[in-house]
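See structure below.
Coordinate-derived values only; no laboratory data. Note that the structure is a prediction, hence the values are computed from the model and not measured.
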């Protein structure tokens, strides 16, 4: 009987300790101290995926899908131009692309 109570208490304590740790934010790791201020790593490398092969809309398609005042990052090299929606960049933060034969990185 005593052994059974110990087993039940052990299981109960395990469940309670597991439940109390769920939903807790992960602790950020201090990676450096600069002028007395701690710098934290809150995301691992590649946690925010880059857009590596962007797909573009024609001007007409963009007019149908985007608001007239939607903010974009615009880039033009020679006669070729691109517009990168900030709405998309909020999620990805970087686009690896080519404008003609020129490799570019658009960051937000």
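If you split all Cα-Cα distances of the stretch 24-68 into 5 Å bins from zero, what percentages do you get per bin, shortest first?
The calculated distribution, bin by bin, is 5, 15, 12, 12, 12, 8, 9, 10, 12, 6, 1.
Can you give the Rg to Rh ratio for the stretch 59-107, taking only C-alpha atoms and Rh from Kirkwood?
A ratio of 0.98.
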